[in-house]
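Here the structure is laid out as C-alpha cells; the discussion comes afterwards.
The values are calculated or read from the model by the stated rules, or taken from the named source; none is laboratory data. Keep in mind that what you see is a predicted model, and the values were worked out from it rather than measured. Cβ placement follows ideal geometry from the backbone for every residue including glycine, while neighbour counts extend to all protein chains displayed. We work out accessible area using only protein heavy atoms, side chains counted, and drop any ligands, DNA or RNA first. Shrake-Rupley method; radii C 1.70, N 1.55, O 1.52, S 1.80 Å.
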Amino acid sequence: MKIWMFGVLKAQKLKHHYSTMSSFAADYKKAMAMPRKWGFEGKPELKVASGITVRGVLNMLMQALNKQDSRPVIPLGHGDPSHFPSFRTSPAAVSAIIDSLRSAKYNCYAPAVGLLPARRALADYLNRSLPYTLSPDDVYLTIGCTQAIEVALAVLARPGANILLPRPGYPYYEACAAYNGLEFRHFDLLPENDWAVDLNAVQALADDNTVAMVIINPCNPCGNVFSYEHLKKVAETARKLGILVIGDEAYDNLAFGSTPYVPMRVLGSTVPVLTLGSLSKRWIVPGWRIGWLVTSDPNGILRESGIIDSIKEFLNLSSDPATFIQAAVPQILQNTNEDFFSKIICMLREAADICYSGIKEIPCITCPKKPEGSMSVMVKLNLSMLEDINDDMEFCLKLAKEESVIVLPGVAVGLKNWLRITFAVEPSSLEEGLTRIKAFCHRHAKKQ
C-alpha cells in the first residue's frame, strides 16, 4: 500500500519552523534595537526659510477656510491667473510646445546653461530695449524665475556678505538668503512717494560686505512701475557703493499705467545687472517653469570678478528646465502675436480699475497708489476701525474662515498691517471678493 508522504513532510517542516521562531524573534528584536542616537536629523534652516514664503502663508490661510461654506473660494492672494478662463496663454505658445514634443528631438538632456537656440532667441528678445547688445553667452536658462533667484543668491553668498532687499518685496529672496547664510538688510519702498526706493536708506545700510541690491520692476507686491529717472538714480547709487543690481523682471512688460516700463538691464553700462525673468507672467504659464538669468554687463565686470564662472559652476550642479520646453522658446517668442499681449494688458488694466474702485468703498482699507503694473497692489489696514482684529494675519485668517476669500497678509511680504491683493482674476470674481471683504469689514467695524 502506497503511503502518501506530503502530509508527513509538511508536518515535519512546520515543527522545525515553530521550533526556531523563538530564537528568530530574539535575533530580530536584537537587530532592531534602537541605537543610542541616529546619525541624521532634519535641517532647522529649511524650517526657517520655508516659514517666510508666500506659499507657506497661503497654505495656512487655506487651512482656515470653513468647509461648510458652499460659496466658491475667491483667491486674491497669489499671482497665478492661469486658473481663470479669461487668462489663457497664446495659441502660438501651445503650438510651439506641441511641435517640440512631436518632433521627438528633445527627449534628451540639455546643456547645463540651456539650449543654444533658446538662449539666442532670448538674447534677441531682450535686446529690443537695450542700448548695447546681449549675446547668447549672456543668457542662462533656469527652472522659472525662482531658480534664477536661487542661482544669483547662491553665487553671491560668502561668509560675512549681505544683500539689500526691498520692503515690501518678494519673500523668496529672504528665504534663499537665509538658506545660503547670506545676511539680508531691508530698504523701504516709500508708499507716500509712489513706492520709490529709499536711496538714503540704501546708502546707510550698505558696507564693505554688501554684494548686491534687488529691484523688482514692475513691482510685486506694490503694483508700481519705476520711472527711468528713478532707476538711473538706483544704478548710480549701486555703482557708487560698488554693488551689482539684481533686476527682477518676472512681470516684464506688464505695465498699463502712465509710467512707461523700462527694464533695469537698460542701465547695465552704469552698473552690472543680473536680469531675472521668465515666461510665467507675461505668457500666463507659471507651471511651465521656464525662466532665465542674464548677465547685463557690457563692461565685463562680472566676468572679471568670477561671477560668470560661478554661475556656470552652480548650473553644473543643479537641475535644468525640461528640454522640450526650452526647445519651444524660439517659436514662442517669434510667433506670439502682439494682440495677445494687448489683450492681457487690457484685462489687467480693467482689473486694476475694479480693484482700486472697490477698495475706495471699504473704510478700513486705503490704497496709496493705483496699480500701474504687475498683478497686485498693497493696501493699508486701519486697525483702529476694527473691533476684534489685532493685526493683518488675524484679519486674513478670519476673512478666509468667514468669507472664503484669500488675501495675503502684508507681514508675508515684509509690511505688517498691510494687505497684498492680487487683481489678476476674473472680473466677476474680483468684484465678488471685494464685496465680501467690504461685508467682513462692516461686520467687524467698531460700534459708534
Legend entry - Helical mean residue ellipticity (222 nm; -39500 (n - 2.57) per DSSP H run of 4+; nearest 500) of the chain: -13500 deg cm²/dmol
Inset, instruction - Convert each backbone phi in region 224-234 into a coupling constant with the Karplus relation 6.51 cos²θ - 1.76 cosθ + 1.60 (shift: θ = phi - 60°), then list the ³J(HN,Hα) values in order as whole Hz, x for Gly and Pro. - result: 8, 10, 6, 6, 4, 4, 6, 5, 5, 5, 4
Inset, instruction - Return the distance in nm (one decimal) between the two label points of a simple spin-label model at ASP99 and LYS67, each offset 7 Å from Cα along Cα→Cβ. - result: 4.8
Inset, instruction - Quick one: dipole size for the chain, taken about the Cα centre, charges +1 on Lys/Arg Cβ and -1 on Asp/Glu Cβ, in debye to the nearest 20. - result: 2140
Inset, instruction - Could you tell me which of rounded, prolate or oblate describes region 291-360, using a ≥ b ≥ c as the square roots of the eigenvalues of the alpha-carbon gyration tensor, with rounded for a/c under 1.5 and, failing that, prolate when a/b is larger than b/c and oblate otherwise? - result: prolate
Legend entry - Sequence ranges 275-282, 344-351, ranked by mean other-Cβ count within 10 angstrom, highest first: 275-282, 344-351
Legend entry - Percent of alpha-carbon pairs separated by more than 35 Å within the chain: 38
Inset, instruction - Could you please report the charge total around LEU267, scoring K, R as +1 and D, E as -1 over all other residues with beta-carbon less than 12 angstrom from its beta-carbon? - result: +1
Legend entry - Reciprocal of mean inverse Cα separation for region 304-448 (Kirkwood radius, Å): 18.2
Inset, instruction - First select every other residue whose beta carbon is under 14 angstrom from the beta carbon of LEU205; then total the charges, Lys and Arg +1, Asp and Glu -1. - result: -2
Inset, instruction - Calculate, in nm to one decimal, what ALA439 and GLU41 gain on full extension: separation in residues at 0.36 nm each, minus their alpha carbon distance. - result: 138.5 nm
Inset, instruction - Add +1 for every Lys or Arg and -1 for every Asp or Glu among the other residues with Cβ under 15 Å from the Cβ of GLY373, and state the total. - result: -1
Legend entry - Kirkwood-type radius of region 155-219, with distances r between different C-alpha atoms, in Å: 12.1
Legend entry - Ellipsoid equivalent to region 238-328 - semi-axes via the Cα gyration tensor, in Å: 24, 22, 8
Legend entry - Per residue, in Å², the accessible surface of region 95-169 once ligands and nucleic acids are set aside, probe 1.4 Å: 43
Inset, instruction - Provide the gained length on full extension for the span CYS346 to SER319, in nm with one decimal, where the gain is 0.36 nm per separating residue minus the Cα-Cα distance. - result: 6.1 nm
Inset, instruction - Using a 1.4 angstrom probe on heavy atoms only, work out the carbon and sulfur share of the accessible area of the chain in %. - result: 55
Legend entry - More than 15 Å apart - percent of Cα-Cα pairs taken over region 99-153: 59
Inset, instruction - Let me know the charge dipole size of region 46-150 about its Cα centre in debye, to the nearest 20, where only the beta-carbon of Lys, Arg (+1) and Asp, Glu (-1) is charged. - result: 280
Inset, instruction - Could you calculate the contour length gain from ASN107 to ASN193, that is, 0.36 nm times the residue separation minus the distance between their Cα atoms, to one decimal place in nm? - result: 25.9 nm
Legend entry - Within the chain, longest stretch clear of exposed chymotrypsin sites (Phe, Trp or Tyr not before Pro) (DSSP loop, no more than 12 other Cβ within 10 Å): 110-448
Legend entry - Kirkwood-based Rg to Rh ratio, region 132-277, C-alpha trace: 0.93
Legend entry - Span per principal axis, largest first, for the Cα atoms of region 70-201 (Å): 53, 51, 34
Legend entry - Unit charges at the beta carbon, dipole of region 132-185: most positive-side option, PRO168, THR142, ASN180: PRO168
Inset, instruction - Give me the distance in nm between label points sitting 7 Å out from Cα along the Cα-to-Cβ direction at HIS83 and ASP309, one decimal. - result: 4.7
